[in-house]
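Asker: First, the structure itself, so that you have it in front of you.
Throughout, read-outs are computed from the coordinates displayed, never taken from laboratory work. Only a predicted model underlies this, so the values are computations on that prediction, with no experimental measurement involved. So basically every Cβ, Gly included, is an ideal-geometry build from the backbone, and we count neighbours across all protein chains shown.
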Amino acid sequence: MFKPNFKYTNKIVNNLLKISTAREVIMNAPLVPKWEVSLRREAKLRSAHSSTAIEGNPLSFEEVSNLAAGRDITVRRKDKQEVLNYFKALEIIPSFTEREPFTVKDFLKIHKTVTGKTLENPKDEGVFRNREVFMGNRFTGEVVFRPPSTDKVSLLVDSFLNWFNSKDIFEID
């Protein structure tokens with residue numbers, strides 16, 4: 001079964017305590033409904049911007065905000081589509097919490113939503129990859145990261161989903 005690879009350190013435990021304390025304050029604080037809407041919108045925008053940026057999307061936070069507001073912006077079609085797909089994925093994810101377990105089919109549906117109309121080959125949307133890939137430094141040619149080989153991907157996803165769906169999800173060695 002999938003086992004997250006980390007160890008609790010004093011720093012992590014202290015941060016978890018601070019998060020827990022802050023969460024209690026937030027959960028027990030009255031929140032003006034208008035603020036809640038604003039905070040949710042801001043969280044959605046920051047999530048979309050940072051999650052697509054880490055994948056190489058060059059759109060600025062302002063451009064992502066404009067897309068969320070329904071404004072058209074002049075950028076590469078793929079970059080725009082990637083952000084719009086991310087917003088769509090955020091909308092459908094809550095529907096998966098209504099049933100258990102979270103399945104490979106659910107996982108691939110989210111993948112198809114996120115990658116729709118952005119990949120060179122549309123047949124790659126919503127399926128496990130069928131070829132080897134790597135991430136490299138485009139200036140030096142150095143391979144920076146090589147993900148697991150294709151023959152291991154479905155096994156690793158199954159292992160992760162077994163862990164994710166287990167009742168012991170938070171019992172980490």
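Asker: Restrict the search to segment 17-114; then list the GluC sites (Glu not before Pro) that DSSP places in a loop and that have at most 13 other Cβ atoms within 10 Å of their Cβ.
Answerer: When the GluC sites (Glu not before Pro) of segment 17-114 are filtered for loop state and at most 13 Cβ neighbours within 10 Å, 55, 98 remain.
Asker: Could I ask something else about it? Grab the other residues whose beta carbon is less than 12 angstrom from that of residue 87, score K and R as +1, D and E as -1, and report the net.
Answerer: +2
Asker: Sticking with this one: Describe numerically, in nm with one decimal, the distance between label points set 7 Å from Cα along Cα→Cβ at residue 142 and at residue 104.
Answerer: Output for this residue pair reads 3.7 nm.
Asker: Please identify the trypsin sites (Lys or Arg not before Pro) of segment 68-110 that satisfy two criteria: DSSP loop assignment and at most 12 other Cβ atoms within 10 Å. Which are they?
Answerer: Qualifying residues, ordered by number: 71, 76, 99.
Asker: Per residue of the chain, what 222 nm ellipticity follows from adding -39500 (n - 2.57) for every DSSP H run with n ≥ 4, rounded to the nearest 500?
Answerer: Calculated at 222 nm, the ellipticity per residue is -18500 deg cm²/dmol.
Asker: Please compute the Cα-Cα pair-distance distribution of segment 51-91 with 5 Å bins starting at 0, giving whole percents from short to long.
Answerer: Distribution as computed: 5, 24, 41, 24, 5 percent.
Asker: Sequence gap at least 6, Cα distance under 8 Å: using those rules, report the relative contact order of segment 10-145 to the nearest whole percent.
Answerer: With pairs under 8 Å counted, the relative contact order is 14 percent.
Asker: Shifting gears a bit: Figure the gain on full extension for residue 7 and residue 91 (residue separation times 0.36 nm, minus the Cα-Cα span) and round it to one decimal in nm.
Answerer: Residue separation times 0.36 nm, minus the Cα-Cα distance, leaves 26.9 nm.
Asker: Next question. Can you give the Rg to Rh ratio for the chain, taking only C-alpha atoms and Rh from Kirkwood?
Answerer: We get a ratio of 0.99 for the chain.
Asker: For segment 113-173, which chymotrypsin sites (Phe, Trp or Tyr not before Pro) pass both filters: DSSP loop (anything but H, G, I, E, B) and at most 16 other C-beta atoms within 10 Å?
Answerer: 128, 134, 139, 170
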